[in-house]
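> Sending over a structure as structure tokens; questions will come in a sec.
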Amino acid sequence: MSPRTCDTVHIFYVKSQQTRAQDIVSNALNERWPVEVNRHPGWSGHASTSWRVSSATEQSTVQKQKLYDGASHVLYWADALSEIAFVVPSQIKSPDSQVDQPSDLLNCMNTGLERGNIPKSSDVLVIYLHLLSTALLRVHLQGPTGRVSLASPLVDGMVVSRRALGPLVRHTALNMARRRRLDSDSYQPPHLRRRLKIQEIVQKI
């Protein structure tokens, strides 16, 4: 059990005039600083592939295009208290293949830690980044009332440069996740869950 919090940030690239979910996930692009899911001992974006290392050997040494959709690679960041996996979904996981609306993107955002049904779009915390003609990016934050306004350093309506964007987005996403956890009455910090689990194991021995 990890002593750090684990969060997943799903990244979607949306071109102008795109409204179909399948078109949006087809925009998955290459990024830097990846980790291989089967060799990564930390959080990988989904509970089924996290905190374990596969002993399977590589089947091919041929260089392939990397898709950071969680199947084989993710983008990863961590410090002493937190882990974040940045996942770029590359396919729709909708049970109804006939449905192709932007709301279907929620089907790409399962992490294996959800309780109950897939969250509604109104419950999802979103950071929109719109590229301006000046090469700067305008920020728009969307989410449940009261939570987004407390997340920083990005604020709704801010305009930032590409050079400063990465750390600002990362810290804002991390603060959004922390704010959501603090709003939950049943939330237990990782170190407390770890201690209770150890006590449970000791009592069984």
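> Taking only the stretch 13-24 into account, find how many residues are under 24 Å from S133 (Cα atoms) and buried (at least 18 other Cβ atoms within 10 Å of the Cβ).
1
> Next question, about the same structure. Please pick out the residue among L168, L182, L174 that is assigned to a helix (DSSP H, G or I), touching a residue at least 40 places away in the same chain (Cβ under 8 Å) and of a type outside the set (K, R).
L174
> Right, here's the next one. Of the numbered conditions (1) modelled with pLDDT under 80; (2) in contact with a strand residue (DSSP E or B) (Cβ under 9 Å, 6 or more places away or on another chain), M158 satisfies every one except a single condition; which is it?
(1)
> Would you tally the residues in the stretch 140-165 being of a type in the set (V, I, T), surrounded by 12 or more Cβ atoms within 10 Å (Cβ to Cβ) and in contact (Cβ under 8 Å) with a residue 24 or more places away in the chain?
Counting residues in the stretch 140-165 that are of a type in the set (V, I, T), surrounded by 12 or more Cβ atoms within 10 Å (Cβ to Cβ) and in contact (Cβ under 8 Å) with a residue 24 or more places away in the chain gives 2.
The values are calculated or read from the model by the stated rules, or taken from the named source; none is laboratory data. Given the structure is predicted, the values throughout are model-derived calculations rather than measurements. Cβ sites come from the backbone with ideal geometry, for glycine too, and all protein chains shown count toward neighbours.
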